[in-house]
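The structure appears below as structure tokens.
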Amino acid sequence: MTSVIRNDVLNVSEKGKNKYQAFHSERIIKKSVKLRDTIHRGNLKTMASIKDKPKRTVQKVIAAMNMTDKSIEVARDRGLGTDDLLTYDVVPSPLLFGDDGLMTKPEKSQLVRELEETLKPDDYCYRHKDDSTFLIDVMAAIRRVPLSGLTSFSDLLSKFAETTSLYHHHGRCDYIIYHDDPLVKDTERLRRCSATPVVLSSIELSTPIPKNMSTFWPSSQNKLLLETLVYAFLRDRSMEMHKEPTVLSQLCIDSGKWKCIKIHNGTEYNMQHLQS
């Protein structure tokens, strides 16, 4: 029982008296409301108001059970033994897709909890070493950059470089550029975003930042163009400024278009063993 239902049930008498006094005052004494006007229900919440939802849930479970029984009977008619059938998950709908037709969302929070169970208190304490390496998720870091006061992608990348410049004083930085498979990731974009994507034909340093970035991120083409620009920007900047080694790594489907390189003291080194 919710607090709203409990409050309405315990105070039903007082609420009824208040409704009658309001009716008598408005229609008999003050006559601010016509006597023949509709008397609206109070719509007090009672135990009956919580019956609908469990009822629908039970009906859904019964329908799923009936569908499962039907699937087993069909399998038997086709000559598939029960032992063989029950080696698989017998469900009325595919496990990879939800009721909305999109791929099911992984339980990332559960995965994090499982990983944290093996950690010790000392694992949460960072101790800097001379040979430290910092892994930077490029697109995740860029999306956290505040856009206030920025007008072009040149401003965005400069601000992004400022947020990561601290790491370059303490060790090697590996920038990870992940170009995912659009057919797989587009499902997650559809779930996250409600705005219709606006696809840009090209993105350069001088290109103005869209007024509404919620129409920019849902497009996989926009992300690919931005990743290409970031790769060239970091490559030029690392060649000129960074003293510690910088690695531009990629994780993508078509790895032939991306070179995994290490830049140190103005020289590029091919990191073939990190190529995906």
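The values are calculated or read from the model by the stated rules, or taken from the named source; none is laboratory data. All values reported here derive from a predicted model rather than from experimental measurement. Positions of Cβ are backbone-derived with ideal geometry, glycine not excepted, and every protein chain shown enters the neighbour counts. Only protein heavy atoms, including side chains, enter the accessible area calculation; ligands, DNA and RNA are left aside. Shrake-Rupley method; radii C 1.70, N 1.55, O 1.52, S 1.80 Å.
Which ones in region 211-240 are hydroxyl-bearing (Ser, Thr, Tyr) and under 20 Å from the mean Cα position of the chain (by Cα)?
Within region 211-240, Ser214, Thr215, Ser219, Ser220 qualify.
For region 245-276, name all the residues that are at pLDDT 75 or above and of a type in the set (Asp, Glu).
Glu268
When you look at Ser206, is it of a type in the set (Gly, Ala, Ser), at pLDDT 90 or above, open to solvent by 50 Å² or more (accessible area, probe 1.4 Å) and in contact with a strand residue (DSSP E or B) (Cβ under 8 Å, 6 or more places away or on another chain), yes or no?
Criteria met by Ser206.
Keeping to region 128-142, report how many residues are open to solvent by 40 Å² or more (accessible area, probe 1.4 Å) and not β-branched (Val, Ile, Thr).
Summing the residues that are open to solvent by 40 Å² or more (accessible area, probe 1.4 Å) and not β-branched (Val, Ile, Thr) in region 128-142 gives 6.
If you scan region 111-127, which residues turn out to be among the basic types (Lys, Arg) and surrounded by 10 or more Cβ atoms within 10 Å (Cβ to Cβ)?
Of everything in region 111-127, just one residue is among the basic types (Lys, Arg) and surrounded by 10 or more Cβ atoms within 10 Å (Cβ to Cβ), namely Arg113.
Which ones in region 147-163 are within 24 Å of the chain's Cα centre (by Cα), farther than 16 Å from Thr207 by Cβ and open to solvent by less than 80 Å² (accessible area, probe 1.4 Å)?
Within region 147-163, Thr163 is the sole residue that qualifies.
Any residue in region 205-224 that is outside any helix (DSSP H, G or I) sitting within a Cβ distance under 9 Å of a residue that is crowded, with 17+ Cβ neighbours inside 10 Å and aromatic (Phe, Trp, Tyr)? List the pairs, counting only those 6 or more apart or interchain.
Leu205/Phe153; Leu205/Phe233; Ser206/Phe153; Thr207/Phe153; Pro208/Phe153; Ile209/Phe153; Ile209/Phe216; Pro210/Phe216
Within region 23-47, take every residue that is touching an Asp or Glu at 6+ places or on another chain (Cβ under 6 Å) and over 30 Å from Thr2 (Cα atoms) and give me the one that is surrounded by the most Cβ atoms within 10 Å (Cβ to Cβ).
Checking each candidate, the answer is Val33.
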